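Shown next, in structure tokens, is the structure this report addresses.
The values are calculated or read from the model by the stated rules, or taken from the named source; none is laboratory data. Owing to the predicted nature of the structure, the values given are computational and were not obtained by experimental measurement. Ideal geometry is used to build each Cβ from the backbone, glycine not excepted, and the neighbour counts take in all protein chains shown. For the accessible areas, the whole protein counts, side chains as well, though only heavy atoms, and no ligand, DNA or RNA atoms are used. Shrake-Rupley method; radii C 1.70, N 1.55, O 1.52, S 1.80 Å.
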Amino acid sequence: MNNRFIRACRRERSDATPVWFMRQAGRFLPEYRKIRNQHSLIDICKNPELCAEVTTLPVDILDVDAAILFADIMLPLEGMGVKFDITDGVGPVISSSLGDPERVHSLSTLEPDSDLPYVMEAISVTKKLLGSRVPLIGFCGAPFTLASYLIEGHATRDFVKTKKLMYNDPETWHVLMDKLSTSMGMYLKAQVDAGVDAVQVFDSWVGCLNPADYRTYVLPYSQHVFSYLRDRAVPRIHFGTGTATMLPEMRQAGGDVFSVDWRIPIDVAWQKLGYDVAIQGNLDPAVLLGEGDLIKAKTADILNRVGNRAGHIFNLGHGILPETPKENVRQLVEFVHEYSKPERI
Ligand code: CP3
């Protein structure tokens, strides 16, 4: 197995810096769009063979060092009794958002094996299809990010409804976050038991909070999610965007690898987190829309900031943009591998 990715998660050296991308199986790939023209996003997720095929596409096409299971952070919410759609260009839309406490109390706790049998099956089919090529990453949404979709009903800029519930009805907030964190903890554990080699917890929108509120309203619940993996040996990645001011708090919540965005220089982020954890990031996805020389210069800057410290996984700060030229992504992978070979340093 190409084990660069797992070795970096454990802060061990290998022959080159591993690289993979969030949304690497997304719309920027013509091969994905072709499949997507025939099937909805949810259809792909619920068909294990198709899911395995889509998950493996970027490994074949881009030469990335890890695959991420093709799924969505919203899928497990169906098992908790939430109805939603994933709308093109918008993202998740909840038919009746969870403003009132009664709806929160009526949410059930997830039973991963019976609510999401297709995810467990997809993991096993994907592992077979990948063979000994690269590790497979499983994932879930973090309680805060899921709560924000549930309360707002759709993507938002200001998270006003979410904060309103959090500040003014802490009891309901607690019930919601407790149900989400228990469900996501069990979901991740089930994914590990089904065969994933690492997991990533996506707290995509938590950067809208300040560190004190993160500590009060989020940290205990994200910690609860990670606590389910205590006895499992797989690396755990903790992802967020806009988290520059709350890295020590996120670290306290849990994880072996912390994924940071472009708003903070990667060396500054690593120093804040401490060198006894690994780091992932942090190219701005918009850079990939530019010229080759710009992409190389920005990438070299990240790799130079990391220097020869073991434990860096190259990634973007957030998902690949749909309009990204595939050739730019391919060349970026090649450049990271080439530039990070040990003889350079
Ligand atoms: O390649 C991969 O990254 C694996 C698959 C994956 C998807 N969603 C498939 C998908 C992963 C890891 C996710 C996680 C996810 N889903 C997150 C966390 C990561 C992040 O981006 O912050 C979030 C917030 C969601 C919710 C969601 N689903 C959004 C915001 C969108 C994009 C809306 C759009 O159209 O731009 C989706 C849809 C979605 N999920 C797509 C993909 C490939 C794109 C749309 C499609 O193919 O129909």
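A full extension of the chain between Asn308 and Arg330 corresponds to an added length of 5.5 nm, given 0.36 nm per residue minus the alpha carbon distance. With the dipole of the chain worked out from charges on the C-beta (+1 for Lys and Arg, -1 for Asp and Glu) around the Cα centre, which of Ile313, Gln24, Pro101 lies farthest toward the positive end? With unit charges placed on the Cβ atoms, the residue in question is Ile313. Both radii are taken from the alpha-carbon atoms of the stretch 4-344; with Rh as the Kirkwood radius, Rg/Rh is 0.94. Each residue of the stretch 309-325 was assigned a 3J(HN,Hα) from its phi angle through the Karplus expression (A = 6.51, B = -1.76, C = 1.60, θ = phi - 60°), giving 6, 6, x, 10, 10, 6, 7, 8, x, 7, x, 4, 6, x, 8, 5, x Hz with x at Gly and Pro.
For the stretch 96-175 versus the stretch 1-60, the inter-centroid distance based on Cα atoms is 21 Å.
Determine by what factor the alpha-carbon radius of gyration of the stretch 93-198 differs from 2.2 N^0.38 Å, reporting the quotient.
On the way: Rg = 16.4 Å, N = 106, 2.2 N^0.38 = 12.9 Å.
For the stretch 93-198, the normalised Cα radius of gyration is 1.26.
Packing, taken as the mean count of other beta carbons within 10 Å per residue, orders the peptides 235-247, 36-48, 136-148 from highest to lowest as 136-148, 235-247, 36-48.
One way to sum up the overall shape of the stretch 1-132 is the equivalent ellipsoid from its Cα gyration tensor, whose semi-axes run 30, 18, 15 Å, largest first.
Fully extended, how many nm does the chain gain between Leu321 and Lys34 (0.36 nm per residue separation, minus their Cα-Cα distance)? Mind dumping the intermediate values first?
On the way: separation 287, 0.36 × 287 = 103.32 nm, distance 1.74 nm.
Roughly 101.6 nm would be gained on extension.
As a rough guide to protection, the peptides 4-14, 310-320 ranked by mean Cβ packing within 10 Å, highest first, stand as 310-320, 4-14. Close amide H pairs (under 5 Å, H built 1.01 Å from N) link Asn282 with Asn315, residues at least 5 positions away or on another chain.
Provide the per residue accessible area, probe 1.4 Å, for the chain, rounded to a whole number of square angstrom. Could you put the intermediate results ahead of the total?
Working: 14120 Å² over 345 residues.
Per-residue accessible area for the chain comes out at 41 Å².
A viscosity of 0.692 mPa s and a temperature of 37 °C, combined with the Kirkwood radius over C-alpha pairs in the Stokes-Einstein formula, give the stretch 30-95 a diffusion coefficient of 252 µm²/s. Relative to the longest principal axis of the Cα atoms of the chain, helix 117-130 runs at roughly 10 degrees.
On a 0 to 90° scale, report how tilted helix 292-306 is relative to the longest principal axis of the chain, with both axes built from alpha carbons and the result rounded to the nearest 10. Result, in degrees: 80. Find which of Ser259, Gly274, Pro285 sits farthest along the positive direction of the dipole of the stretch 211-323, computed with +1 on the beta-carbon of Lys and Arg, -1 on that of Asp and Glu, about the Cα centre. With unit charges placed on the Cβ atoms, the residue in question is Gly274.
The lysines within cross-link reach of Lys341, meaning a Cα-to-Cα straight distance under 24 Å and a gap of 8 or more places when in the same chain, are Lys296, Lys298, Lys326.
How big, in percent, is the set of alpha carbon pairs in the stretch 185-305 lying more than 19 Å apart? Mind dumping the intermediate values first?
Numbers: 3684 of 7260 pairs.
Looking at the stretch 185-305, the distances longer than 19 Å represent 51 percent of pairs.
Listed peptides 267-273, 60-66, 154-160 appear in the order 60-66, 267-273, 154-160 once ranked by packing, highest mean of other Cβ atoms within 10 Å at the front.
Residues Tyr228, Tyr149 ordered from highest to lowest accessible area at a 1.4 Å probe: Tyr228, Tyr149. Between Thr109 and Glu49, what FRET efficiency follows from the Cβ-Cβ distance if R0 is 22 Å, with the result rounded to 0.05? According to the calculation, E is roughly 0.15.
Stretched out straight at 0.36 nm per residue, the stretch from Asp284 to Asp85 would grow longer than its current Cα-Cα span by 68.8 nm. Ligands, DNA and RNA left out, the accessible area of the chain computed with a 1.4 Å probe is 48% carbon and sulfur.
Placing +1 on the Cβ of every Lys and Arg and -1 on the Cβ of every Asp and Glu, with no other charges, gives the chain a dipole of roughly 640 debye about its Cα centre. For Ala297 and Arg215, the FRET efficiency from 1/(1 + (r/R0)^6), where r spans their Cβ atoms and R0 equals 35 Å, is about 0.40.
Distance between the C-alpha centres of the stretch 206-259 and the stretch 293-345: 25 Å, rounded to the whole angstrom.
For q = 0.15, 0.20, 0.23 Å⁻¹, what log10 I(q)/I(0) does the stretch 245-345 give under the Debye formula with an equal point scatterer on each alpha carbon and no solvent? Reported log10 I(q)/I(0), two decimals: -0.61, -1.01, -1.23.
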